[in-house]
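S.K.: One structure, pasted below without further comment.
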Amino acid sequence: MAIIHSKSFMRMPNRLFFLFAAILLGLGGLVGVAHAGYAAIVIDPTTGEVLSAVNADEQNYPASLTKMMTLYLTFQALQNGKLKVDQDLPVSTWAASQAPTKLDLRAGQTISVNDCILGMVTKSANDAATVVAESLGGNDSHFADMMNAQAALLGMKATHFDNANGLPDPANVSTARDMVKLAMALYRDFPQYTHYFSTREFVFRGQLVRGHNNLMERYPGMDGLKTGFTDASGFNLASTAVRDGRRLFAVVLGGRTASARDNLMARLLDDGFDNRPTPETLVAQAGRTSTTRRVLAALSPISTAEADETAPAHRRTAHAGCTRHRGKSCPRVSKSAHPRPATTTRLAHRKSKKVMLASSGDKHD
């Protein structure tokens, strides 16, 4: 059955909307809404061995992990000469109107390809992703076709992209297995550009832009890739790390909090480097369990959602004494809440941060 788009429901009275949602929950698999549950996978790219896999082939909402495909096509365009790193791209009204998180670009400005890449990698900027999409595809819709064509070439059989940035859309779906294929393809096909994924902050037009990937600062050997969050998806993360010369790739989808997701990713990688699977119960503990909330979130208006680590307003005041700011996730999970307290996850605070400067040729109003 065709995937049902959320805009069709927004004109319903509240009573009818929630009645339909209840019917939708009862129909379960008869409708094309992704499960949006928890999932995880860890792969050794050298051998192709799957070291852990939980719900790896279940369709979920990738949220801003979508931008990994936008970055793939950007790197491909740089490699074949269609784009240049210092090339200025125009900002349209549509790009400037994208929901947070973003670089607050304005229509009529220009932004370099380099800054678009940095904006997507660090802040997961939705406006920057749309700028690239329009420059390469002419419009969002055609660029989505390009994304899907590339996904097919990479063997991402359960993925369908409907936009370039991962903002809420029931038609934008993928799986943990497909996302890890994409992550590995980025490092395999464009080694000259993988340094971007280790950027944790950069200076854009005089402002310091901090990234959302807090785990990269604490997990030794982690040098990428991408975070993602919407109400419907939960907290997602694609990661890669190196230990003793061995690189692993991992994906977590549907984390209940940023901290739970990060702790699970650390455990998955630790277990992977030690050549043991992570117990499915630990993956489940880090995931969300409210099916009703997930489906209602999937059908909610796009304007109420913010992609990536910025939680909706109703969450910001839910925990007393926790002040949100860039680079911090609330609530923080205490050490006692770690999935397996008896095992010490190899986390360490890094003193140095990689900071990149934005292009000097940026255009302003």
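The values are calculated or read from the model by the stated rules, or taken from the named source; none is laboratory data. This one's a predicted model, so the numbers in the text were calculated from it and none came from an experiment. Reconstructed Cβ throughout: ideal geometry from the backbone, glycine too, with neighbour counts over all protein chains shown. Accessible surface areas use protein heavy atoms only, side chains included; no ligands, DNA or RNA. Shrake-Rupley method; radii C 1.70, N 1.55, O 1.52, S 1.80 Å.
S.K.: Scaled to the compact-protein estimate 2.2 N^0.38 Å, what is the alpha-carbon radius of gyration of segment 126-224, rounded to two decimal places?
M.R.: My calculation over the Cα atoms of segment 126-224 gives 1.20.
S.K.: How large is the charge dipole for segment 80-172, taken about the Cα centre, if only the Cβ atoms of Lys, Arg (+1) and Asp, Glu (-1) carry charge, to the nearest 20 debye?
M.R.: With only Lys, Arg, Asp and Glu charged at Cβ, the dipole is about 160 debye.
S.K.: Quick one: Karplus J couplings for segment 163-179, per residue in order, coefficients 6.51, -1.76, 1.60, θ = phi - 60°, nearest Hz, x for Gly and Pro?
M.R.: Values, residue by residue: 7, 8, 10, x, 4, x, 6, x, 8, 9, 9, 7, 10, 4, 5, 5, 5 Hz.
S.K.: For labels at Lys84 and Gln192 in the simple 7 Å Cα→Cβ model, what's the distance in nm?
M.R.: Spacing of the two 7 Å Cα→Cβ label points: 1.4 nm.
S.K.: Given N residues in segment 200-239, what is its alpha carbon radius of gyration divided by 2.2 N^0.38 Å?
M.R.: Relative to the 2.2 N^0.38 Å estimate, segment 200-239 comes out at 1.35.
S.K.: If you wrap segment 157-207's Cα atoms in a convex hull and average its projection over all directions, what's the area in nm²?
M.R.: 5.3 nm²
S.K.: Based on the mean of other Cβ atoms within 10 Å per residue, sort peptides 82-94, 196-208, 157-169 so the most packed one is first.
M.R.: Taking the mean over residues of other Cβ atoms within 10 Å, the ranking is 157-169, 196-208, 82-94.
S.K.: On average, how much accessible surface per residue is there in segment 61-128, in Å², for a 1.4 Å probe, leaving out ligands, DNA and RNA?
M.R.: 31 Å²
S.K.: Need one word for segment 49-109: rounded, prolate or oblate. Basis is the Cα gyration tensor (sqrt eigenvalues a ≥ b ≥ c); a/c below 1.5 gives rounded, then a/b vs b/c decides.
M.R.: Since a/c reaches 1.5 but b/c is at least a/b, the shape of segment 49-109 is classed as oblate.
S.K.: Could you name the aspartates and glutamates whose alpha carbon sits less than 14 Å from that of Lys226, not counting residues in the same chain fewer than 8 places away?
M.R.: Leaving aside aspartates and glutamates fewer than 8 places away in the same chain, those within reach of Lys226 are Glu201, Glu217, Asp262, Asp308, Glu309.
S.K.: In debye to the nearest 20, how big a dipole does segment 154-271 give about its Cα centre with +1 on each Lys and Arg Cβ and -1 on each Asp and Glu Cβ?
M.R.: The dipole magnitude comes to about 180 debye.
S.K.: Oh, and also: Across segment 55-167, how many lysine pairs separated by 8 or more positions, or lying on different chains, have Cα atoms within less than 27 Å?
M.R.: 10
S.K.: Report, as a whole number in µm² per second, the diffusion coefficient that Stokes-Einstein gives for segment 30-140 at 10 °C and 1.306 mPa s using the Kirkwood radius over alpha carbon pairs.
M.R.: It diffuses with D of about 101 µm²/s by this estimate.
S.K.: About the Cα centre of segment 136-194, what is the dipole size in debye to 20, counting +1 per Lys and Arg Cβ and -1 per Asp and Glu Cβ, all else neutral?
M.R.: 320 debye
S.K.: So what does log10 I(q)/I(0) come out to for segment 191-297 at q = 0.14 Å⁻¹, using the Debye formula with one equal point on every Cα and no solvent?
M.R.: -0.61
S.K.: Taking only protein heavy atoms and a 1.4 Å probe, what accessible area per residue, in Å², does segment 169-210 have with all protein chains in place?
M.R.: Value for segment 169-210: 31 Å² per residue.
S.K.: Once phi is turned into θ = phi - 60°, what whole-Hz ³J(HN,Hα) does the Karplus curve with 6.51, -1.76 and 1.60 give for every residue of segment 58-65, x standing for Gly and Pro?
M.R.: 7, 5, 9, 8, x, 6, 6, 4
S.K.: While we're on this one: Taking all protein chains in place and a 1.4 Å probe, what share, in percent, of the accessible surface of segment 47-100 do carbon and sulfur account for?
M.R.: 50 percent
S.K.: So, one more: Using modelled amide H (1.01 Å from N, peptide plane; none on Pro or chain starts), what sits under 5 Å from the amide H of Gly224, excluding residues fewer than 5 places away?
M.R.: Here Thr240 satisfy the definition.
S.K.: Could I ask something else about it? In whole percent, and with a 1.4 Å probe on the protein chains, what portion of the accessible area of segment 117-228 is carbon and sulfur?
M.R.: Carbon with sulfur: 52 percent of the solvent-accessible area.
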